[in-house]
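The values are calculated or read from the model by the stated rules, or taken from the named source; none is laboratory data. Computed from a predicted model, the values in this text were never measured in an experiment. Please note: Cβ atoms are built from the backbone with ideal geometry, for glycine as well, and neighbour counts cover all protein chains shown. Ligands, DNA and RNA are stripped out before the accessible areas are found, and what is left, the full protein with its side chains, is counted by its heavy atoms. Shrake-Rupley method; radii C 1.70, N 1.55, O 1.52, S 1.80 Å.
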Amino acid sequence: MKNLLILSVHLLLICNLIKAQPWVQNDAVFNPSGIPSLPFSQPRLADADSDGDFDLIIGSIDELPLFFENTGNNELPAFEQGANYFSVVEPLDAEMGVCIDIDGDGDPDFISGGFTGLNLYLNIGTPQFPEFEKSPGFFDGLNVGQNPVPDFTDIDNDGDPDMVTGFSESGLVKIYLNSGNMYNAEFSEGNTYEIADVGLYAYPVFCDIDQDDDQDLLVGRDGHGFKFYRNTGDENNALWQADETAFEGLGGETYWNSPTLSDLTGDGKPDLIFGTASGPLNYFVQSGTPENPVWTENTSLFGGVMDAGGASNPCFFDFDNDGDFDLFTGSQMGDIKFYENTGTISGPAWEENNAYFTSLKHSIYSAVAIGDVNGDSLADAIVGDLSGNLYYHRNTGIGFEFENTFFQGISMGGWSAPCLEDMDDDGDLDIVAGGENGVLHYIENQGNAQAPDWLEIAGYFGGIDVGTNCVPALVDIDYDGDFDVVCGDLWGDLFCYINNAGEWIENTEILDGITGEQNTTPAFADLDNDGDPDLSLGQYNGTFSYFRNQYLVTGLDEKMITEADLDAEIFPNPFKDKLCVSINLNNPALVEINILNACGKVLMHQNHEPVPEGRRIIQFETASLPNGFYFIQIITRKKSTIYKAVKF
């Protein structure tokens, strides 16, 4: 399974030292479309509410499939998150799913592919207001493995839906012909045939790309691009021929591409939407002919560029207390802009709403830090600008009130950029600020959490000087329990300083290879909810860049890691209150299992226990663990294998 991310066991790891930090750029996270960017996204189009247009269903590895209603039409679609139709679906049943009327009663049913294989959820509601109920055992007898990907159409023109299935572990694409009828579908291994093996993790969908009244087949996979199989037979007898040209060049820069096709422009030609490992949906309109398709990218439906209007300066804070990070930014004209996260905790989508924050403007080239600095459970604002001064705005609950009694005599000398964190661990918020001269300033709250009283402490950051236009971000990037600092500068460089017992040591490896544009302004927040800090950059042109932190390799003692081959699975992954470890042994063995945090601390432990030959499942009660990512260490015969798991 792709979501069982096996970390290399050849690494020599020392506690509190980061040895790998794979940042993957994905700027599409900052899109204004309202469609979240979910890891390993799998979009499917269907008229789920029977109103005559195509709605959108998005599956992913992070949560149950989401439903987005088409509030436009089939010539000009617009998608908004709709009813929670799939709340009754069991989490292990559905990494993705499709809607099809499998029982011929005129309403859409839901067929899912997930860890438990294929599952049917019958619609016991109405065509307009679906309500799903699991129908156990419908796909019993099919050897589809874990996380199969189904799609349906009448491939042999006999009036009932047939099924194609992509296999996750083998990449096999297989047709299951319906042995029943439109009212009583029946699928069996005895009425199948194979089309191809595309590598690993096949994602097939039917489509009549050449409009010859028979169904062709497009297949995504774990690698780049697609495999396309043209039906050169007829509507009664399919004959599949590989065609390398029809989708040539698409998905070449993404992987784990999972497609769906439907006519979204009303011109009679199927258009293409596909999800990716990194999450954003890609949309291409078919602007050629059925015989010679031409694909034109459309970035407005699911993407676009979020632009603060120059000099973006991001700050993340859950302002509306809904459990996900919202985005604040300064701007060239001095306005403080607010983008509410209308997506999910693991897949952000943004909606600009600045009305509450208009009073925060002072001068041009603004920056902002957000936090509750007076203990009233309302998020206040510290604002910097071109003057180099700092301004405290208290949140009254109906707006912000400027209090000018603070920061007298404190100035950054030009273009002040503040951060708020409890640097001295005394329960109140301190300020770290950069300025035009490239130097960092520490302004300690010597009052308390209810009555702040800030005083600049000289020399706190030693000789840190990044040259010019220093913008800091605070993050525990080495997972040792204290704040480190990352600074941007005028030229797009990033500087990382590790806090080593109050001594600031520059580290040139952690962010190696990442550069920004003019006036790079960094900020950290876990936008994909996998337990590690992701990096966002603002820049002079007003846009934002996002670098997903794929994983942090930290905290495991060298003696714990030795090369081993072990047939094991971790599920569910992501997990919540329970985590299961499935082990398959060729011979009986003593097995030890540890659940570790990012620094290698053992949080849960299963003693060495004799495990017999064959498969054994060991379950951990994990409700007490906080959300984040964990290492699962399985030790047998003095060897160790490490798996990564995520709790959300």
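Looking only at the stretch 104-123, filter to residues that are open to solvent by 40 Å² or more (accessible area, probe 1.4 Å) and touching a strand residue (DSSP E or B) at 6+ places or on another chain (Cβ under 9 Å); which one of those is farthest from Phe571 (Cα to Cα)? If you could, list the steps in order and put the result at the bottom.
Taking the stretch 104-123 first, the residues open to solvent by 40 Å² or more (accessible area, probe 1.4 Å) are 105-106, 116, 122.
Pick out the ones that are also touching a strand residue (DSSP E or B) at 6+ places or on another chain (Cβ under 9 Å) and you get 105, 122.
On the way: Asp105: 36, Leu122: 26 Å.
Top of the filtered list is Asp105.
Quick check: is even one residue across the stretch 262-269 in a strand (DSSP E or B), within 23 Å of Glu75 (Cβ to Cβ) and open to solvent by less than 30 Å² (accessible area, probe 1.4 Å)?
yes
Return the residue satisfying two criteria in turn: it lies in the stretch 291-300 and is in a loop (DSSP other than H, G, I, E, B) and at pLDDT 90 or above, and of such residues it is most open to solvent (accessible area, probe 1.4 Å).
Taking the stretch 291-300 as the starting set, the residues that turn out to be in a loop (DSSP other than H, G, I, E, B) are 291-294, 298-300.
If we keep only those that are at pLDDT 90 or above too, we end up with 292-294, 298.
Numbers: Asn292: 106, Pro293: 26, Val294: 75, Asn298: 50 Å².
This residue is Asn292.
Just checking, which of Phe357, Phe406, Phe402 is without any contact (Cβ under 8 Å) to a residue 60 or more places away in the chain, touching a Ser or Thr at 6+ places or on another chain (Cβ under 9 Å) and at negative phi?
Numbers: Phe357 fails: touching a Ser or Thr at 6+ places or on another chain (Cβ under 9 Å); Phe406 fails: touching a Ser or Thr at 6+ places or on another chain (Cβ under 9 Å).
Selected residue: Phe402, the only one of Phe357, Phe406, Phe402 that is without any contact (Cβ under 8 Å) to a residue 60 or more places away in the chain, touching a Ser or Thr at 6+ places or on another chain (Cβ under 9 Å) and at negative phi.
So, Thr344, is that one open to solvent by less than 40 Å² (accessible area, probe 1.4 Å), part of a loop (DSSP other than H, G, I, E, B) and touching a residue at least 60 places away in the same chain (Cβ under 8 Å) or not? I'd like the intermediate steps shown before the answer.
Values: open to solvent by less than 40 Å² (accessible area, probe 1.4 Å): yes; part of a loop (DSSP other than H, G, I, E, B): yes; touching a residue at least 60 places away in the same chain (Cβ under 8 Å): yes.
So Thr344 fits the description; yes.
Report, by residue number, each residue of the stretch 325-341 that is open to solvent by 10 Å² or more (accessible area, probe 1.4 Å) and either assigned to a loop (DSSP other than H, G, I, E, B) or modelled with pLDDT under 95 (or both).
Phe325, Gln332, Met333, Asp335
Run down Ser359, Ser363, Ser387, Ser377 and say which single residue is open to solvent by 10 Å² or more (accessible area, probe 1.4 Å), part of a loop (DSSP other than H, G, I, E, B) and touching a His at 6+ places or on another chain (Cβ under 8 Å).
Values: Ser359 fails: part of a loop (DSSP other than H, G, I, E, B); Ser363 fails: touching a His at 6+ places or on another chain (Cβ under 8 Å); Ser377 fails: touching a His at 6+ places or on another chain (Cβ under 8 Å).
The match here is Ser387.
Please pick out the residue among Gly467, Gly459 that is under 20 Å from Asp512 (Cα atoms) and not in a strand (DSSP E or B).
On the way: Gly459 fails: under 20 Å from Asp512 (Cα atoms).
Testing whether each residue is under 20 Å from Asp512 (Cα atoms) and not in a strand (DSSP E or B) leaves just Gly467.
For the stretch 517-542, give me the residue count where each residue is modelled with pLDDT under 90 and either in contact with a helix residue (DSSP H, G or I) (Cβ under 7 Å, 6 or more places away or on another chain) or open to solvent by less than 50 Å² (accessible area, probe 1.4 Å) (or both).
Here the count works out to 5.
Could you check the stretch 636-648 and list, in sequence order, the residues that are at pLDDT below 80 and outside any loop (DSSP other than H, G, I, E, B)? Outline the logic, then answer.
Residues of the stretch 636-648 at pLDDT below 80: 636-644, 646-648.
Answer for the stretch 636-648, where residues must be at pLDDT below 80 and outside any loop (DSSP other than H, G, I, E, B): Thr636, Lys639, Ser640, Thr641, Ile642, Tyr643, Lys644, Val646, Lys647.
Looking at (1) surrounded by fewer than 21 Cβ atoms within 10 Å (Cβ to Cβ); (2) part of a loop (DSSP other than H, G, I, E, B); (3) out of contact with any helix residue (DSSP H, G or I) (no Cβ under 9 Å at 6 or more places or on another chain), which one does Val305 not meet, given that it meets all the others?
(3)
Provide a single number: the residues in the stretch 68-96 that are open to solvent by less than 10 Å² (accessible area, probe 1.4 Å) and either under 30 Å from Val646 (Cα atoms) or in contact (Cβ under 8 Å) with a residue 24 or more places away in the chain (or both).
Taking the stretch 68-96 first, the residues open to solvent by less than 10 Å² (accessible area, probe 1.4 Å) are 68, 70, 86, 89, 93-94, 96.
Next, only the ones that are either under 30 Å from Val646 (Cα atoms) or in contact (Cβ under 8 Å) with a residue 24 or more places away in the chain (or both) stay: 68, 86, 89, 93-94, 96.
So the answer is 6.
Name the single residue, out of those in the stretch 419-454 being open to solvent by less than 10 Å² (accessible area, probe 1.4 Å) and in a strand (DSSP E or B), that is nearest to Asp489 (Cα to Cα).
Step one: list which residues in the stretch 419-454 are open to solvent by less than 10 Å² (accessible area, probe 1.4 Å), which gives 428, 430-435, 438, 442-443, 445.
Still in the running and in a strand (DSSP E or B): 430-434, 442-443, 445.
Numbers: Asp430: 22, Ile431: 19, Val432: 15, Ala433: 13, Gly434: 10, Tyr442: 18, Ile443: 20, Asn445: 26 Å.
Going through the qualifying residues, I end up with Gly434.
Listed residues Thr289, Thr296, Thr260; which is in contact (Cβ under 8 Å) with a residue 60 or more places away in the chain and β-branched (Val, Ile, Thr)? Let's see the steps before the verdict.
Values: Thr289 fails: in contact (Cβ under 8 Å) with a residue 60 or more places away in the chain; Thr296 fails: in contact (Cβ under 8 Å) with a residue 60 or more places away in the chain.
Criteria check complete, one pass: Thr260.
Return a yes/no flag: does the stretch 121-137 have any residue that is in contact with a Leu (Cβ under 8 Å, 6 or more places away or on another chain) and in a loop (DSSP other than H, G, I, E, B). Give the steps one after another, and end with the answer.
Residues of the stretch 121-137 in contact with a Leu (Cβ under 8 Å, 6 or more places away or on another chain): 132-135.
Restricting the remaining residues to those that are in a loop (DSSP other than H, G, I, E, B) gives 135.
Checking the stretch 121-137: at least one residue is in contact with a Leu (Cβ under 8 Å, 6 or more places away or on another chain) and in a loop (DSSP other than H, G, I, E, B).
When both residues are 6+ apart or on different chains and their Cβ atoms are under 7 Å apart, which pairs have a first residue that lies in the stretch 164-175 and is touching a residue at least 60 places away in the same chain (Cβ under 8 Å) and among the hydroxyl-bearing types (Ser, Thr, Tyr), and a second that is part of a loop (DSSP other than H, G, I, E, B) and open to solvent by 20 Å² or more (accessible area, probe 1.4 Å)?
Taking only residues 6 or more apart or on different chains, the pairs are Ser168/Met1; Ser168/Gly145; Ser168/Gln146; Ser168/Tyr201.
Is it fair to say Ser258 is out of contact with any Cys (no Cβ under 7 Å at 6 or more places or on another chain) and within 20 Å of His224 (Cβ to Cβ)?
On the way: out of contact with any Cys (no Cβ under 7 Å at 6 or more places or on another chain): yes; within 20 Å of His224 (Cβ to Cβ): yes.
Judged against the criteria, Ser258 is a match.
Would you check which residues across the stretch 462-478 are of a type outside the set (A, V, I, L, M) and surrounded by fewer than 22 Cβ atoms within 10 Å (Cβ to Cβ) and list them?
Correct list: Gly462, Gly463, Asp465, Gly467, Thr468, Asp476.
Show me the strands (runs of 3 or more DSSP E) found entirely inside the stretch 156-226 where at least 3 residues are open to solvent by 50 Å² or more (accessible area, probe 1.4 Å) and of a type in the set (A, V, I, L, M, F, W, C). Write out each step before concluding.
Numbers: elements: 162-166, 172-176, 192-197, 203-207, 216-220.
Passing ranges: none, list empty.
Of all residues in the stretch 235-256 being without any contact (Cβ under 8 Å) to a residue 40 or more places away in the chain and not in a loop (DSSP other than H, G, I, E, B), which is nearest to Leu272 (Cα to Cα)?
Filtering the stretch 235-256 for residues that are without any contact (Cβ under 8 Å) to a residue 40 or more places away in the chain and not in a loop (DSSP other than H, G, I, E, B), the one nearest to Leu272 (Cα to Cα) comes out as Tyr255.
Scan the stretch 19-66 for residues that are in a strand (DSSP E or B), more than 24 Å from Asn353 (Cβ to Cβ) and either of a type outside the set (S, T, N, Q) or open to solvent by less than 10 Å² (accessible area, probe 1.4 Å) (or both) and jot them down. Steps first, answer last, please.
Going residue by residue through the stretch 19-66, those that are in a strand (DSSP E or B) are 23-25, 42-46, 55-59, 66.
Next cut, more than 24 Å from Asn353 (Cβ to Cβ) only: 23-25, 42-46, 55, 57, 59.
Those that are in a strand (DSSP E or B), more than 24 Å from Asn353 (Cβ to Cβ) and either of a type outside the set (S, T, N, Q) or open to solvent by less than 10 Å² (accessible area, probe 1.4 Å) (or both): Trp23, Val24, Gln42, Pro43, Arg44, Leu45, Ala46, Asp55, Ile57, Gly59.
Considering only the stretch 215-238, state which residues are closer than 20 Å to Arg44 by Cα and acidic (Asp, Glu).
Asp216, Asp222
Assess whether Asn84 counts as being among the polar types (S, T, N, Q) and at pLDDT below 95. Break it down stepwise before answering.
Values: among the polar types (S, T, N, Q): yes; at pLDDT below 95: yes.
The answer is yes for Asn84.
Within the stretch 393-415, work out how many residues are within 21 Å of Val439 (Cα to Cα) and either assigned to a strand (DSSP E or B) or of a type in the set (Val, Ile, Thr) (or both).
Qualifying residue count, the stretch 393-415: 1.
Select from the stretch 543-571 the residues that are at pLDDT 85 or above, within 23 Å of Phe317 (Cα to Cα) and over 12 Å from the mean Cα position of the chain (by Cα) and write down the one among them that is surrounded by the fewest Cβ atoms within 10 Å (Cβ to Cβ).
Taking the stretch 543-571 first, the residues at pLDDT 85 or above are 543-549, 570-571.
Right, trim to within 23 Å of Phe317 (Cα to Cα) and you get 543-549.
Now narrow it down to the ones that are over 12 Å from the mean Cα position of the chain (by Cα): 543-545.
Values: Thr543: 17, Phe544: 25, Ser545: 22.
Checked the stretch 543-571; the qualifying residue surrounded by the fewest Cβ atoms within 10 Å (Cβ to Cβ) is Thr543.
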